[in-house]
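Each value in this text was obtained by applying a stated rule to the coordinates, not by laboratory testing. This is a predicted model, so every value here is computed, not measured. All Cβ positions, even for glycine, are placed from backbone atoms using ideal geometry, and neighbour counts span all protein chains on display.
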Amino acid sequence: MLKNGVLSRDMDGGSMGTVARAANVLRCVAEASDDICIKEIAERLSLAPSTVHRLLHLLIDQGLIERNPNAPTYRAGAELFRLGALVVNKTQLPKVALPYMRQLVEACDEFCMLNMYLPSEGCMMVVETLKASQQFDLAPPRYRRWSMLKGATGYAILAFLPEEDVRQIYDAAASVPRRDQQLPDFQVLMRVLETVRKKGYAHSVGHRAPGIAAFSSPIFGACGSVMGSFTVSLPEARYRPEREEILGKVAATFAGRISNALGYRAAHPTRISAK
């Protein structure tokens, strides 16, 4: 079930259980740009303030959340930072990809970013970005969950997922309409994803952010499943339609190099690997 942008599992006979609620409170605090109060958490998660208060104290007891000593607000605790660091250090994808990202910036002088697919959430997040000398100011924040139903970064992942997974992600998003996301007809979406598979890359202009052209290609792990996408972006003012194939092949080539470094060996003609 998708509730307020959070993909969660039904528990306790259809209602969210304590674990799921605590996880959503933890997520809310971790994603807040600053310390956050109980009222704001309650409004974001559609929970009673008393419930939020109880869950916060459960998390405080575990060191995952801490209370600001000078104000009635809450923030991430030391244990959450420790666990996060452990997970990041064990995550192979950003570490493997970074040298190839540096190569691309040196060769093309364009902004690039690495996006990780989160299967249990039905979404993606940006895990690494690298600036070019002609840097623009619209790079998305890292570690925030993003829908895959808008723009090249998500389409490059969706195109290589089983259709039933795409349908589930689509239906979850459609069940909670958002002003910032107008979903295409599902069959139209599937035709777009078929084109992405044939080309080996997705292309969008102004879909994720106004004035930005993006070219994205999938990254695969050793077992052949899609792990994320690699994106090359530039300001629309510097983009020309005749450059689409060139930039798309650049994204596909570097995505292929990253996939190969992760142990992937292409077995499907639409999955482009490095020459």
Inset, instruction - Please give the contour-minus-distance gain from Glu43 to Val205: 0.36 nm per residue of separation, less the Cα-Cα distance, rounded to one decimal in nm. - result: 54.9 nm
Inset, instruction - From zero up to wherever the largest Cα-Cα distance of the range 47-120 sits, split into 10 Å bins and tell me the percent of pairs in each. - result: 15, 28, 24, 20, 12, 1
Inset, instruction - Return the subset of Lys95/Lys198; Lys150/Lys249; Lys150/Lys199; Lys131/Lys198 for which the Cα-Cα distance in this structure is over 23 Å, preserving the input order. - result: Lys95/Lys198; Lys131/Lys198
Inset, instruction - Report the semi-axes of the equivalent ellipsoid for the range 100-223 in whole Å, largest first, where each axis is √(5λ) for an eigenvalue λ of the Cα gyration tensor. - result: 24, 16, 14
Legend entry - Separation of the Lys95 and Ser225 label points, Cα + 7 Å toward Cβ, nm: 2.1 nm
Inset, instruction - Collect residues whose amide H, placed 1.01 Å from N in the peptide plane, falls under 5 Å from the amide H of Ile65; neighbours closer than 5 in sequence don't count. - result: Ile60, Gly77
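Working out 0.36 nm times the residue gap between Ile246 and Arg75, then minus their Cα-Cα distance, what length gain in nm do you get to one decimal? The partial results should precede the final answer.
On the way: separation 171, 0.36 × 171 = 61.56 nm, distance 4.50 nm.
Here the segment from Ile246 to Arg75 would lengthen by 57.1 nm.
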